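Here's the structure, in structure tokens; my notes come after.
The values are calculated or read from the model by the stated rules, or taken from the named source; none is laboratory data. Remember, predicted model here, so these are calculated numbers, not experimental data. All Cβ positions, even for glycine, are placed from backbone atoms using ideal geometry, and neighbour counts span all protein chains on display.
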Amino acid sequence: MAISRQVYEVRPRKDHLGADLISDAQPFGRLWYDTPDNANGYAMHSSRSHHAVIRIYDDAGNVIETHPSNYRICRITKREWRQAALRLLWTMSMSNIIEHKRRTSPTVTPQALAWDGANLWMSSRDLGTLYKVDIDTWKIVDEIDPPGIVWAGVSLGHGEMRFTIGKGLNDDRYVYRYAPDDGFMKLFACPDFTGSYLSFDGEHLYFSQWYKGDVHQIEDSGKIQRTINVGAEICGHTFVDGTLYVIRGRENKDVPGKSEEWRIARLIPRDGARVGDVADIPFASRSLVFDGKHFWSNHRAANETICFTLPI
């Protein structure tokens, strides 16, 4: 006997306000959701006791993801449908960040950025150096000799810093404490010796792993208290008034000829960590920091540092 299947379609709305979930299995046929991942999640929930297929569409009407179920329970992991929803989101148009300044970096291959309330800290990937920069004069005001390559940094206030530093032939990653009077002190090894960007919410340190798409709330002992997955690769994050802003997307390093694709997204960790994209970043971004008025990020390949705000 042939088994009938319920078909669910997740389609981006023409007004770009979220996505529609369409299915004859629904009493009203079409439901409007604020994000594609919420629409996909509802379809998963509704089809869990039926034979069903969920199709994800892009703006052009092409199927970019299909989730069939041959079991009585739809076997799709949360991470799988979040990644599918992100692919759908990437097909929807979005405004670019608003650039205010694009400056030639005072060092080559600028990598880490941090703001201490007075100066911008910047590292050079190729030189292995660390600098403090006056953002008004755009001059280096101090140079610090780190114990390795500084991949990320964040200020905790009162002169105390945290840095992600790579060491050795394998570029094993560690998090270090830095204070002007004490210098550098190793705190802990990053999980699997991988890790990159850092942010601080005024109370807790957050640490990310690029390719896993994870942001960890972490103690100085290295103990992870909480993990938030943002559904994509991460190349920077910073806190602004309790909201975490994350640069997420795809480096596309294994796709010849394809440019990197990045967006800035935001989430509030205490409110369930729902991630929403805010704007496109039209360059291969590295690091993210906020100086109280503007965001800053590096276009490392171009030796540039960009000051920007977000579209309203």
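Looking at (1) in a helix (DSSP H, G or I); (2) in contact with a Phe, Trp or Tyr (Cβ under 8 Å, 6 or more places away or on another chain), which is the one condition that is false for residue 143?
Among (1) in a helix (DSSP H, G or I); (2) in contact with a Phe, Trp or Tyr (Cβ under 8 Å, 6 or more places away or on another chain), the lone unmet condition for residue 143 is (1).
Give me the pairs, please: first residue somewhere in the stretch 293-306 and at positive phi, second residue anywhere and of a type outside the set (Lys, Arg), beta-carbon distance under 9 Å, and either six or more positions apart or on two chains.
Within 9 Å, the pairs are 303/104; 303/105; 303/107; 303/108; 303/109; 303/110.
For the stretch 90-112, indicate whether the set of residues that are modelled with pLDDT under 60 and touching a Pro at 6+ places or on another chain (Cβ under 7 Å) is non-empty.
yes
Can you tell me which of (1) out of contact with any Pro (no Cβ under 9 Å at 6 or more places or on another chain); (2) in contact (Cβ under 8 Å) with a residue 24 or more places away in the chain; (3) at negative phi is the one residue 172 doesn't meet?
(2)
Determine whether residue 238 is surrounded by fewer than 17 Cβ atoms within 10 Å (Cβ to Cβ), in contact with a strand residue (DSSP E or B) (Cβ under 6 Å, 6 or more places away or on another chain) and closer than 20 Å to residue 205 by Cβ.
So residue 238 does not fit the description; no.
Identify, please: which residue in the stretch 220-235 is surrounded by 13 or more Cβ atoms within 10 Å (Cβ to Cβ) and either polar (S, T, N, Q) or without any contact (Cβ under 8 Å) to a residue 24 or more places away in the chain (or both) and is, among those, farthest from residue 165 (Cα to Cα)?
229
Taking the options 161, 122, name whichever one is within 26 Å of residue 264 (Cβ to Cβ), touching a residue at least 24 places away in the same chain (Cβ under 8 Å), buried (at least 21 other Cβ atoms within 10 Å of the Cβ) and more than 21 Å from the chain's Cα centre (by Cα).
Of 161, 122, the one residue that is within 26 Å of residue 264 (Cβ to Cβ), touching a residue at least 24 places away in the same chain (Cβ under 8 Å), buried (at least 21 other Cβ atoms within 10 Å of the Cβ) and more than 21 Å from the chain's Cα centre (by Cα) is 161.
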